[in-house]
Amino acid sequence: MARVSQEHLDARRRQILDGAARCFARNGFHASSMQDVLKEVNLSAGAVYRYFSGKDELIAAVVTEVLGEIREAFEEAARQTPPPLPDVLVGRVMTEVLGLGGAESHGLTWDGETSFPRLMVQVWTETLRDGELSALLREGFGAVREAWVKIVEGYQDAGVMRADIPAEHVARTLIAAAQGFAAQQALFGSAPVTVIQDGLRALMSVGTPH
């Protein structure tokens with residue numbers, strides 16, 4: 001029997017994850033069945049269950065992957081001295097993760113709209129009743145917050161941000177701004193990433209003579 005390459009296995013897993021994420025974003029977790037996922041990815045049940053035991057495992061895999069990529073983007077920025085300023089950094093990550101500005105990220109699109117914001121809001125809701133997913137999200141948030149703390153400390157060390165404000169407080173505020181912008185994408189429709197970039201740039205200029 002011919003041996004299946006790792007590249008083929010990875011591509012098939014990617015196909016299933018992307019299709020599941022589109023289903024979840026479009027219909028919600030509870031209204032989406034495994035049959036919906038099978039139809040979306042155009043694969044047999046056996047092909048899908050080879051990779052994932054069921055819907056809960058698919059949900060966890062999608063959430064883990066997206067949180068991991070967000071964390072990696074911010075950790076990369078933290079290694080720069082000094083890191084890119086918040087408007088540049090948040091804009092860059094939002095463009096990548098949300099698929100804004102023409103970027104194709106995760107393949108998570110349906111009807112021409114990016115799926116991640118809708119998926120994110122549904123994940124937040126689901127964590128209120130699902131302890132395992134809640135723990136997964138808390139772990140992911142902790143990793144992103146840790147990366148942001150290092151970024152803020154980089155700003156403070158470079159003298160471009162006040163050092164008398166706890167770095168964690170600034171980190172949580174910047175994360176909240178990014179999360180809020182993503183939530184607005186889901187609730188009120190798509191907006192260009194320049195919206196949050198301009199807002200952050202304006203806030204950064206408070207108290208600065210023009």
Solvent-accessible heavy-atom area per residue, rounded to whole Å², over the chain at 1.4 Å: 55 Å²
Choose one answer from SER134, SER115, SER44: the residue with the largest mean-square fluctuation in a GNM of the chain with alpha-carbon springs under 10 Å. SER44
Per 0.36 nm of contour for each residue apart, how much would the distance between GLN6 and ALA45 grow if the chain were fully extended, relative to their Cα-Cα spacing? 12.0 nm
Could you compute the FRET efficiency for ARG201 and ARG79, with r as their C-beta to C-beta distance and R0 at 22 Å, rounded to 0.05? 0.40
How much of PHE74 can a 1.4 Å solvent probe reach, expressed as accessible area in Å² and rounded to 10? 10 Å²
ASP164 paired with ALA60, simple spin-label distance in nm, labels 7 Å along Cα-to-beta-carbon: 4.7 nm
Can you tell me, using C-alpha contacts under 8 Å and at least 6 residues apart, the relative contact order of the chain as a whole percent? 24 percent
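The values are calculated or read from the model by the stated rules, or taken from the named source; none is laboratory data. In this text the structure is predicted, and so the values were computed from the model without any measurement. For neighbour counting, all protein chains shown are included, and Cβ atoms are generated from backbone atoms with ideal geometry for every residue, glycine included. Heads up: the accessible areas ignore ligands, DNA and RNA and are worked out on the full protein's heavy atoms, side chains in. Shrake-Rupley method; radii C 1.70, N 1.55, O 1.52, S 1.80 Å.
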